[in-house]
Amino acid sequence: MKEVKIESTLYVFETIEELPNEAVFLMRKAFDARDRAYAPYSNFNVGAAILLDNGEIITGNNQENASYPSGLCAERTAIYYAGSQYPNAKVVRMAISATGKSKPMLSPIPPCGACRQAIAEYEVKQKSPIEIYFMGEAGKVAKSKSLVNLLPLVFDKSVL
Ligand code: THU
């Protein structure tokens, strides 16, 4: 038996002002999308914005449903739309912002496991890393240079 350590690296910025301009721009698009979320059940609004290598910006937000499991997270709403509209484009960068209506989120909110798996599919497909920035509604912003940092031991098509 041997112990296997898995390392993952994130970069943390104190505020959105510290981000490179192109990331600030995309995060502001995520804020706008977050404000349009349909989340009457959880009151937890999430927005995601994606920059494609063709210059297009795709946004999405969480869409909830009275039948709770039928709802969808912001990240998957955005990335599935991007994949459906621009199947040959690569995802360069993704920005995510989340907040509760009753309680503001002031620390970085990472994408859920299902969204990480969905993002992984596109990273594997395009053979290039997807940069991911995530935050609450203010405060610290975390950056991952690739989805791999958020989902080590990814399950992908190589095993099928
Ligand atoms: N949600 C997202 O949109 N993205 C995530 O990564 C985590 C959770 C949404 C789903 C649901 O509408 C609400 O946040 C509470 O879980």
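Ligands, DNA and RNA left out, the accessible area of the stretch 1-141 computed with a 1.4 Å probe is 52% carbon and sulfur.
Applied to the stretch 15-24, the Karplus parametrisation 6.51 cos²θ - 1.76 cosθ + 1.60 on θ = phi - 60° returns per-residue 3J(HN,Hα) values of 8, 4, 4, 7, 6, x, 3, 5, 7, 4 Hz, with x for Gly and Pro.
Based on protein heavy atoms only, the stretch 8-160 ends up with 51 Å² per residue of surface accessible to a 1.4 Å probe. Think of it as helices only: each DSSP H run of n ≥ 4 in the chain is worth -39500 (n - 2.57), and spread over all residues that comes to -8000 deg cm²/dmol at 222 nm. Between the stretch 134-148 and the stretch 64-129, the C-alpha centres lie 13 angstrom from each other.
Near the amide H of Ile109, within less than 5 Å, lie the amide hydrogens of Ala98, Met135, Gly136, all on another chain or at least 5 residues away, with H placed in the peptide plane. Dipole of the stretch 1-47 computed with +1 at Lys/Arg Cβ and -1 at Asp/Glu Cβ about the Cα centre; of Val24, Ser8, Ala37, farthest Cα towards the positive end is Ala37.
Take each peptide in 20-31, 63-74, count the other Cβ atoms within 10 Å of every residue, and average; sorted highest first, the result is 20-31, 63-74. Within the listed set Gly60, Gly100, Gly47, the Gaussian network model of the chain (springs between alpha-carbon atoms below 10 Å) gives the highest mean-square fluctuation for Gly100. With all pairs of different C-alpha atoms in the average, the Kirkwood value for the hydrodynamic radius of the stretch 82-160 is 13.5 Å.
Think of the chain as having a plus end and a minus end, set by charges on the Cβ of Lys, Arg, Asp and Glu; of Pro110, Ala78, Ser158, Ser158 sits farthest toward the positive end of this dipole. For the stretch 95-160, the Cβ-based charge dipole about the Cα centre amounts to some 100 debye (Lys, Arg positive; Asp, Glu negative; other atoms uncharged). Each residue of the stretch 72-77 was assigned a 3J(HN,Hα) from its phi angle through the Karplus expression (A = 6.51, B = -1.76, C = 1.60, θ = phi - 60°), giving 9, 5, 4, 5, 6, 4 Hz with x at Gly and Pro.
Per-residue 3J(HN,Hα) values for the stretch 114-129, derived from phi via the Karplus relation 6.51 cos²θ - 1.76 cosθ + 1.60 with θ = phi - 60°, read 5, 5, 4, 4, 5, 5, 4, 4, 6, 5, 5, 4, 8, 6, 8, x Hz in sequence order (x marks Gly and Pro). Among 137-143, 81-87, the peptide with the highest mean count of other Cβ atoms within 10 Å heads the list, and the full ranking is 137-143, 81-87. Expressed per residue, the C-alpha convex hull volume of the chain stands at 142 Å³.
For Arg93, nonlocal amide neighbours, meaning residues 5 or more places apart or on other chains whose placed amide H falls under 5 Å from its own, are Leu51, Glu131.
Beta bridges per DSSP, both residues in the stretch 1-122: antiparallel share near 95 percent. Here the stretch 1-152 is assigned +1 on the Cβ of each Lys and Arg and -1 on the Cβ of each Asp and Glu. Its dipole about the Cα centre then comes out at about 260 debye.
The values are calculated or read from the model by the stated rules, or taken from the named source; none is laboratory data. Worth saying up front: this structure is predicted, and the values here are computed from it rather than measured. Glycine gets a Cβ as well: all are built from the backbone with ideal geometry, and neighbour counts include every protein chain shown. Only protein heavy atoms, including side chains, enter the accessible area calculation; ligands, DNA and RNA are left aside. Shrake-Rupley method; radii C 1.70, N 1.55, O 1.52, S 1.80 Å.
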